[in-house]
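Structure first, then comments.
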Amino acid sequence: MAESVENPQELIGLYGGVPSLDTVKIRSIHLSRLGPMVKLRIDLPTYPEAPPTEWKEFHCDTVQCQVEFVNVSNFRLRNSALPTVADITFSIVDGTAKVGIEGPGLSATFDCLPFTLVGHIGAFKASDEGSDSGKHFYVRKIDAKLFDSTPSLHQRAFYDNI
């Protein structure tokens, strides 16, 4: 799925390329009528070799971002135990992307446009239980100015825009 990212610049700046997005920890699934869209808040499977200084200073160990799918149709959610590690499949058939998400306690499928957008990239130190409730350090200045942790679901600036 990494090859489907339309705006890879921030990921390339951190990783030198787009890391695998095929098996990730999914923290939340946000459905929006704007589009219609599906946004996944995910923990990436790897950490950058040369993270920003601030991330090192605060002992961050996890990178999190949102992945947005646009013009979603045929959305099916059968289970939704979150967070969970899940496999994401992304294939293009006749100009339409077919997305499947499967993991322990999570099963979803939908169709969308054949690209993804990535945003709200940041890092945090996972708690001993794996929680992401601590301080977050975001790549984009506007995110860093507005948020220092994972925003609550009513924060439209975070969940409705990439």
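The values are calculated or read from the model by the stated rules, or taken from the named source; none is laboratory data. All of these numbers come straight from a predicted model, not from anything done at the bench. FYI the Cβ positions are ideal-geometry reconstructions off the backbone, even for glycines, and counts take in every protein chain you see. Note: accessible area is taken over every heavy atom of the protein model, side chains too, but ligands, DNA and RNA are not part of it. Shrake-Rupley method; radii C 1.70, N 1.55, O 1.52, S 1.80 Å.
The table below gives the values:
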item	result
Number of the exception - P104 against (1) surrounded by 13 or more Cβ atoms within 10 Å (Cβ to Cβ); (2) over 21 Å from F158 (Cβ atoms)	(1)
For V38: the one exception among (1) more than 15 Å from V139 (Cβ to Cβ); (2) open to solvent by 70 Å² or more (accessible area, probe 1.4 Å)	(2)
Count of residues meeting criterion [in contact with a strand residue (DSSP E or B) (Cβ under 7 Å, 6 or more places away or on another chain) and assigned to a loop (DSSP other than H, G, I, E, B)] in segment 9-42	4
Residue tally, condition touching a helix residue (DSSP H, G or I) at 6+ places or on another chain (Cβ under 7 Å) and either open to solvent by 60 Å² or more (accessible area, probe 1.4 Å) or of a type in the set (G, A, S) (or both), over segment 140-162	3
Selected residue (only one of L82, L14 is within 23 Å of T150 (Cα to Cα), open to solvent by 40 Å² or more (accessible area, probe 1.4 Å) and of a type in the set (A, V, I, L, M))	L82
Candidate set from segment 43-91 (those that are charged (D, E, K, R) and either over 17 Å from E3 (Cβ atoms) or part of a loop (DSSP other than H, G, I, E, B) (or both)); member that is nearest to the chain's Cα centre (by Cα)	D43
Test: N7 is of a type outside the set (V, I, T) and in contact with a Leu (Cβ under 9 Å, 6 or more places away or on another chain)	yes
Pair list, Cβ under 6 Å, 6 or more apart: segment 92-116 residue assigned to a loop (DSSP other than H, G, I, E, B), other residue of a type in the set (V, I, T)	P104/T84; G105/T84; L113/V70; P114/I92
